[in-house]
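As structure tokens, the structure follows; a few thoughts come after it.
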Amino acid sequence: SPSHITANYAQTKTVIKEESNMMINMNDWTNEIIQCPKTKAIPIMTHPGIELCNHTVKEAVINGHIHFQAIEKLNEKYPSAACTMIMDLTVEAEAFGAAILFHEDEIPTVSKRLLEDEVSIENLQIPDLTQARIPQYLLANKLCVEQIKDKPILAGCIGPFSLAGRLYDMSEFMMLCYSDPNPAHILLSKCTDFIKKYCKAFKEIGVHGVVIAEPAAGLLPNDGCYEFSSLYIKEIVEELQDSSFMIILHNCGNTGNCTDAMIQSGAKGYHFGNKINMVEVLEKCPKDVLVMGNLDPVGIFKMASSDTMRNETLKLLKQTEGFQNFILSSGCDIPPHTPFENIQAFFDTLNDYNNRNPLT
């Protein structure tokens, strides 16, 4: 009937409108940030949101609804340019079968190695996305996409080298890379295949990008980082990165020894830890990619006074003047029980700087 057709058409228009609200061209978003004279901020931050919801870290990492609520609270309270998810580098290892130790107020840890030798690597099966807590993390991202419309949602996952180290033991895996690289590459390929599958699921539910955390690769020299990390990150980039989905490579272990290798991954964004010189990094990185960092999440955000927080934030802003692709951020995930006064001081200092800077 005509009324039935009209109802279906109206419903379809509503769905299209909702979908268009979620679609953000990440190339345009990147260009807008670079061209904007005001500096933007994207701290890697979830734990304060968990505390605002009166939940524990353990509750958030096992329950996608609580994870989402934490992100939503932070989005309501702070003017970050994008929403980031919990940086939990045990989710993927658990999906492979690794034993995980949960803590009430800290991120979970891998309690023991899953793989012992080349045979166990060869026999390792790549899990599907129904394993362990993967569905809860997909749920949290899906809810963010559905409910937060004003900015990009950036999922999070571990990088291939860091995941392999958690499955095999980090020290043992580093030795394997140089003593017997063939099984090491087999494991890295399996880790990469799973991460690609996981990131593809993020992309399919409408997430706008992913922060791939590869801190263990910072332990390697530049050529080692390229061979055992960046080549695999590049696979993920080439398969998934486009105008709707952005890859941001995080390596807080890099002290300047492997920046070139990171850049060769082809990611559209790079996130650095507090051990690196941010100006030197900005001078090396292409001008058309976003470069993020790098205030100490523990020493400054959590442990310092609010006056020190303001001073260090302003110092970094002044050091990075002239680099339009710079995004102010923490050097890594801001830890639990970080004072809210310090987070507010971070954003207030940025706001004051933008208002006083003659270029803005």
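Annotations
- Exclusive hit being farther than 21 Å from Ile343 by Cα, in contact with a Phe, Trp or Tyr (Cβ under 9 Å, 6 or more places away or on another chain) and of a type outside the set (A, V, I, L, M), set Lys112, Lys142: Lys142
- Considering the conditions (1) β-branched (Val, Ile, Thr); (2) surrounded by fewer than 17 Cβ atoms within 10 Å (Cβ to Cβ); (3) touching a Lys or Arg at 6+ places or on another chain (Cβ under 7 Å); (4) within 20 Å of Ile34 (Cα to Cα), Ile247 is excluded by exactly one of them, (2).
- Scanning region 68-86 for residues being in a helix (DSSP H, G or I) and of a type outside the set (Lys, Arg) gives a total of 8.
- Put simply, of Phe68, Phe96 the only residue that is under 22 Å from Ile212 (Cα atoms), more than 19 Å from the chain's Cα centre (by Cα), hydrophobic (A, V, I, L, M, F, W, C) and surrounded by 15 or more Cβ atoms within 10 Å (Cβ to Cβ) is Phe96.
- Of the helices (runs of 4 or more DSSP H) that lie entirely inside region 112-224, those containing 2 or more residues that are closer than 30 Å to Phe68 by Cα span 134-147, 160-168, 181-204.
- Test result for Ala261, closer than 24 Å to Tyr198 by Cα, buried (at least 16 other Cβ atoms within 10 Å of the Cβ) and over 17 Å from the mean Cα position of the chain (by Cα): yes
- Taken together, the criteria exclude Pro221 from residues that are open to solvent by less than 10 Å² (accessible area, probe 1.4 Å) and touching a residue at least 12 places away in the same chain (Cβ under 8 Å).
- So Met262, is it hydrophobic (A, V, I, L, M, F, W, C), more than 20 Å from Ile186 (Cβ to Cβ) and part of a strand (DSSP E or B): no
Every residue, every condition in (1) at pLDDT 95 or above; (2) outside any helix (DSSP H, G or I); (3) farther than 15 Å from Pro152 by Cβ, yes or no:
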{"position": "Thr6", "(1), (2), (3)": "no, no, yes"}
{"position": "Tyr9", "(1), (2), (3)": "no, no, yes"}
{"position": "Val15", "(1), (2), (3)": "no, no, yes"}
{"position": "Asn31", "(1), (2), (3)": "yes, no, no"}
{"position": "Ile44", "(1), (2), (3)": "yes, yes, no"}
{"position": "Pro48", "(1), (2), (3)": "yes, no, yes"}
{"position": "His55", "(1), (2), (3)": "yes, yes, yes"}
{"position": "Glu59", "(1), (2), (3)": "yes, no, yes"}
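- Members of region 279-325 found to be closer than 22 Å to Arg356 by Cα, open to solvent by less than 70 Å² (accessible area, probe 1.4 Å) and in a helix (DSSP H, G or I), listed by number: Val279, Ser306, Thr308, Met309, Glu312, Thr313, Leu314, Leu316, Leu317
- With respect to the conditions (1) modelled with pLDDT of 95 or more; (2) more than 21 Å from the chain's Cα centre (by Cα), Gly322 falls short on a single one, namely (1).
- Region 177-218 - residue that is more than 20 Å from His250 (Cα to Cα) and of a type in the set (Ser, Thr, Tyr) and, of those, surrounded by the fewest Cβ atoms within 10 Å (Cβ to Cβ): Ser179
- Neighbours by Cβ (under 7 Å, 6+ apart or cross-chain): first from region 169-198, without any contact (Cβ under 8 Å) to a residue 60 or more places away in the chain; second loosely packed, with under 15 Cβ neighbours inside 10 Å: Lys196/Glu239
The values are calculated or read from the model by the stated rules, or taken from the named source; none is laboratory data. Keep in mind it's a predicted model, so treat the numbers as computed, not measured. When we count neighbours, we look across all protein chains shown, and the Cβ atoms used for this are built from the backbone with ideal geometry, even at glycine. When the accessible area is computed, the model is the full protein with side chains, heavy atoms only, and any ligands, DNA or RNA have been set aside. Shrake-Rupley method; radii C 1.70, N 1.55, O 1.52, S 1.80 Å.
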